[in-house]
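Please treat every number below as a calculation from the coordinates, not as lab data. This one's a predicted model, so the numbers in the text were calculated from it and none came from an experiment. Note that we place each Cβ from the backbone using ideal geometry, even for glycine, and neighbour counts take in every protein chain shown.
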């Protein structure tokens, strides 16, 4: 049997190495199954490329990958900044790319025939967040805090426009650099806005600190965040007596019947975390299935297998793609931090579409 490789693109940060990232861990479970699958037409393995958040390194990695014929596909990267850098390179080379978590709409609107993603884009999430703040939380004023990167700026700008269209008012907007962990001035100024709700488009480590410092500064208004805040709310934003909510565009393995076997395997090795760990798994699984359908590791045939009527059941459920590479029928889940006898837990309330249709109110 001949051999082929998957290029797995990840980006570790100073506060968390790649091996602790749930996307990496989910993909690890998948690649272990793929390595053992003797029914595949070629033996598949992976090489991990860690760009550490550096788009220049992302570009260098992408060029190395397309120049090496042993790489049949790429899974990743995690962030939209890095995906914007790698996608045109993979498109030019005709190399299939499947991202577990890069959500910028532009990625599927730029004519990249090779780029596909496994979650809803920010147009869907931004609109859902604005609707949730206005209708579900009843907020008429909101302060915005975001990481000063492509993802944070785009999502926050979209949310602000949609919130104001509904009749809401943005009372403050604050940004921070990705290497910053000093937030005293930001916290002081944000707390002074006295908004009815605070929105965060931030990454988990900074989010934990920001949320905790804002609560310590006396902010009692509800916090609203994206899936990136999922772990942060446990530690800072979900203070007893203070409300915290977030959306999640990925699959939550606590609520997906299709993910129960995956959940057990994951929890046997690491603390449960479905922040794109199911999508990390399914990125590898989609590639393996495409290679199976292509009958080998020819890049053009593997890409065609995903673009031509691909319909596959992964741990995140049914996976299909539009011609632009968007996943069909991607939901946006809505969660609330709740205090229980065992501590703070993320309570799944339903999808935003379901909740808004039911007229749910605080």
Segments 258-267, 98-107 sorted - mean Cβ within 10 Å per residue, highest first: 98-107, 258-267
field: Using alpha-carbon coordinates, inclination of helix 277-294 to the longest axis of the chain, degrees
entry: 20 degrees
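Give the relative contact order (percent, whole number) for the stretch 257-362; include only Cα pairs under 8 Å separated by 6+ residues.
Details: 90 pairs, mean separation 17.8, N = 106.
Answer for the stretch 257-362 is 17 percent.
What are the equivalent ellipsoid semi-axes of the stretch 131-225, built from the alpha-carbon gyration tensor (square roots of five times its eigenvalues), in whole angstrom, biggest first? Display every interim value, and only then the final one.
Working: eigenvalues 81, 49, 22 Å².
Gyration-tensor ellipsoid for the stretch 131-225: 20, 16, 10 Å.
Restricting to Cα pairs below 8 Å that are 6+ residues apart, what does the relative contact order work out to for the chain? Please round to a whole percent. Don't skip to the answer; put the middle values down first.
Details: 738 pairs, mean separation 70.3, N = 362.
Here the relative contact order equals 19 percent.
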message: How tilted is helix 80-93 with respect to the longest principal axis of the chain? Cα atoms for both, answer in degrees (0 to 90, nearest 10).
response: 20 degrees
Separation of alpha-carbon centers, the stretch 289-361 and the stretch 111-158, rounded to whole Å: 17 Å
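Which order do peptides 318-326, 128-136, 86-94 fall in by mean Cβ count within 10 Å, highest first? Don't skip to the answer; put the middle values down first.
Values: 318-326: 16.2, 128-136: 23.1, 86-94: 19.9.
Packing order, densest peptide first, comes out as 128-136, 86-94, 318-326.
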query: Taking the alpha-carbon set of the stretch 28-135, what are its Rg and Dmax in Å?
result: 15.9, 53
query: In nm, to one decimal, how far is the modelled label at residue 13 from the one at residue 340, with both set 7 Å along Cα→Cβ?
result: 2.6 nm
- request: Place the peptides 181-191, 290-300 in order of packing, highest mean first, counting for every residue the other Cβ atoms within 10 Å and averaging per peptide.
  value: 290-300, 181-191
field: Computed [θ] at 222 nm, helices only, for the chain once each DSSP H run of length n ≥ 4 contributes -39500 (n - 2.57)
entry: -11000 deg cm²/dmol
query: More than 21 Å apart: what percent of Cα pairs in the stretch 289-362 qualify?
result: 52 percent
